[in-house]
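Any read-out appearing in this document is the output of simple, stated calculations on the displayed coordinates, not a laboratory observation. Quick caveat, the model's predicted, so the values are computed rather than measured. Neighbour counts run over all protein chains shown; Cβ positions are idealised from the backbone, glycine included.
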Amino acid sequence: FNHWVDVQMAPPDKILGLSELYVKDPNPKKVNLGVGAYRDEEGKPWILPSVKEAERKLVVEGLEKDKEYVPILGSGPYNSAVQKFIFGHDEFGKKLIAEKRIVSAQTISGTGSLRVIAELLNKFYSVKKCYMSAPTWPNHLNVFRDAGVEPAAYPYYDLDTNSLDIENLLATLNKAEKGALILLHSSCHNPTGLDATSEQWDQILEVITKRELFPIVDMAYQGFATGDPIKDLGIVIHKMTKMHYENPEKLPSFALCQSFAKNMGLYGERTGSVFLVHESPEFISKITSQLKALVRPMYSSPPCHGSKIVEVILNDEKLYKSWLGDVAKITNRLNEVRSGLYDNLDHSLRNWDHLKRQKGMFSYTGLSKDEMLKLRSDFSIYGTDDGRFSLAGISNRNVKYVAEAVNAVVK
Ligand code: PMP
């Protein structure tokens, strides 16, 4: 007997599919510019020295006492350390912590954080529509759609000028359904690497308040814009905590989805958090209880190893400094690679100045799908069809090869 209903092949994940093609390619010069995971100068994954030291403390010094389940919304010490780390550097954030106006929950990294907030909003928020930048990280659409929230687009990147399409962005938001959700990338926008300026954020936030939108800030690359995680919080988090605290009627609540995958290199440890800010501590208690009710039947509780690493790093002054050094090192290398690529590109063929304006792990080159396919077939250089390069795949060893290949395909 067969009780299955018509199961077809699901479309493969584009980025992971690209890695498979890369692995199969016998060309010794091949370059993987697909996956957004940091690689060192030798092209190898990098365990941050601060993370290794935290693990040594957990195991050798016995800071890790057990492998018991953590509570449904995560480890208490982790949640308070991360809340302080994210909100405790700004005067309004400090007040929000003191007044218990923030829900903090440990989640299964950034994706889990987005999914949990999307599920919560689907259950308890009246407008089930979320505006997202075009383009955005493709999984954003899946996460929200699968949680019952309809994705909608706001213009973001102008491919003709390789700059932020601020006029159309504001025009679209100005017509957005009242009360809709809006997803914002806090810094190092994926895939474009292009962030709004402080003035542009002000304009965006003004429309958000006008249309009563609910902002969900996705912070997956905290630290990679300036090299300093605290400075990276600056623009959007500071502006939002201030606006919310001073004028809660303008911005009654917002959410923040945070991940330690990239900035601590804890990819597979699945360590992140979701925060929800609201003016009423009573509402915060209710939301906390509803989050528990939501998570318990989904995955019961988050994993414990990554959160212990984060806890040790954030609570140990010396280790915290050493981690900041590691983040700066990652950012410096990515910036060096970006400059190296820029310097080796032929500027008589095309204007590449936008590469210098972009931040973080990605470079949105503006190369067409045909050009990306040519890079793949003729040079074994694997980037996504939309022209995005993950700069982590480039180093001093291959930067010339990549730039010369680009010069050849755009000729
Ligand atoms: N948001 C964005 C914009 C991302 O690029 C990523 C990772 N590629 C994530 C969220 C989630 O990452 P993770 O679940 O590994 O923390």
If every Lys and Arg gets +1 and every Asp and Glu gets -1 at its Cβ, then about the Cα centre the chain yields a dipole, in debye to the nearest 20, of 500
In whole Hz, the Karplus estimates of ³J(HN,Hα) for the stretch 369-386 (6.51, -1.76, 1.60; θ = phi - 60°; x where Gly or Pro) are 4, 4, 5, 5, 5, 5, 4, 5, 6, 8, 10, 6, 10, 9, x, 6, 4, 7
Taking Cα atoms only, helix 399-410 is inclined relative to the longest principal axis of the chain by an angle, in degrees rounded to 10, of 70
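Please compute the volume of the convex hull spanned by the alpha-carbon atoms of the stretch 146-253 and report it per residue in Å³.
Details: hull volume 12.4 nm³, N = 108.
Output value, Cα hull per residue: 115 Å³.
Can you give the extra length, in nm with one decimal, that the chain gains between K84 and E177 once fully stretched, where that is 0.36 nm per residue apart less the Cα-Cα distance?
Between K84 and E177, full extension yields an extra 30.1 nm.
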The alpha-carbon center of the stretch 172-200 and that of the stretch 373-411 are separated, in whole Å, by 29
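Using C-alpha positions alone, give me the convex hull volume of the stretch 355-411 per residue in cubic angstrom. Each step should come with its number before you reach the end.
Details: hull volume 4.6 nm³, N = 57.
Dividing the Cα hull volume of the stretch 355-411 by its residues yields 81 Å³.
Summing Lys, Arg as +1 and Asp, Glu as -1, what charge do residues with Cβ under 15 Å from the Cβ of I394 carry, I394 excluded?
On the way: positive: K29, K30, R39, K44, R333, R338, R388, R397, K400; negative: D40, E41, E42, E336, D343, E404.
Net charge in that neighbourhood comes out at +3.
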Protection proxy (average C-beta count within 10 Å per residue), highest first, orders 158-165, 204-211, 267-274, 236-243 as 267-274, 236-243, 204-211, 158-165
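Counting Lys and Arg as +1 and Asp and Glu as -1, what is the net charge of the other residues whose Cβ lies under 12 Å from the Cβ of V327?
Working: positive: K231, K262, K321, K329, R333; negative: D228, D232, D326.
Once all neighbours under 12 Å are counted, the net charge is +2.
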Mean-square fluctuation maximum in Gaussian network of the chain, Cα pairs under 10 Å, restricted to D228, D343, D13, hits D13
Using eta = 0.890 mPa s and T = 25 °C, Stokes-Einstein with Kirkwood Rh from Cα pairs puts D for the stretch 259-411, in µm² s⁻¹, at 130
For S368 and K318, extending 7 Å from Cα along the Cα-Cβ vector and measuring point to point gives, in nm, a value of 5.8
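Subtract the Cα-Cα distance of K356 and E99 from 0.36 nm times their separation in residues, and report this length gain in nm to one decimal. Write down the numbers at each step before the final one.
Numbers: separation 257, 0.36 × 257 = 92.52 nm, distance 4.16 nm.
Length gained between K356 and E99: 88.4 nm.
Please identify the GluC sites (Glu not before Pro) of the stretch 59-107 that satisfy two criteria: DSSP loop assignment and at most 14 other Cβ atoms within 10 Å. Which are they?
On the way: sites: E61, E64, E68, E91, E99; in loops: E61, E64, E68, E99.
When the GluC sites (Glu not before Pro) of the stretch 59-107 are filtered for loop state and at most 14 Cβ neighbours within 10 Å, E61, E68, E99 remain.
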Longest principal axis of the chain (C-alpha) makes with the long axis of helix 198-210 (C-alpha) an angle, in degrees to the nearest 10, of 50
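Between V59 and S289, what FRET efficiency comes out of the Förster formula 1/(1 + (r/R0)^6) with R0 = 25 Å and r the beta carbon distance, rounded to 0.05? Walk me through the numbers on the way to the answer.
Values: r = 35 Å, r/R0 = 1.42.
Working from the Cβ atoms, E equals 0.10.
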Between the alpha carbon centres of the stretch 1-52 and the stretch 53-69 the gap in Å comes to 31
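If contacts are Cα pairs under 8 angstrom and at least 6 residues apart, what is the relative contact order of the stretch 1-126 in percent? Intermediate values should be presented prior to the final figure.
Working: 43 pairs, mean separation 15.8, N = 126.
13 percent.
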Expressed in angstrom, Rg and Dmax over the Cα atoms of the stretch 1-55 are 18.5, 56
Under 17 Å by backbone N from the virtual spin label 7 Å along Cα-to-Cβ at E206, the residues of the stretch 156-192 are 165-176
Restricting to Cα pairs under 8 Å and 6 or more apart, the percent relative contact order of the chain works out to 26
Note: the stretch 1-107, point scatterers on Cα, Debye, no solvent; log10 I/I(0) at q = 0.15 Å⁻¹ equals -0.98
Amide H neighbours of A134 at under 5 Å, excluding residues fewer than 5 places away on the same chain, with H built from the backbone geometry, are Y154, Y156, Y157
The alpha-carbon pair-distance distribution computed for the chain, with 20 angstrom bins and whole-percent values, is 26, 57, 17, 0
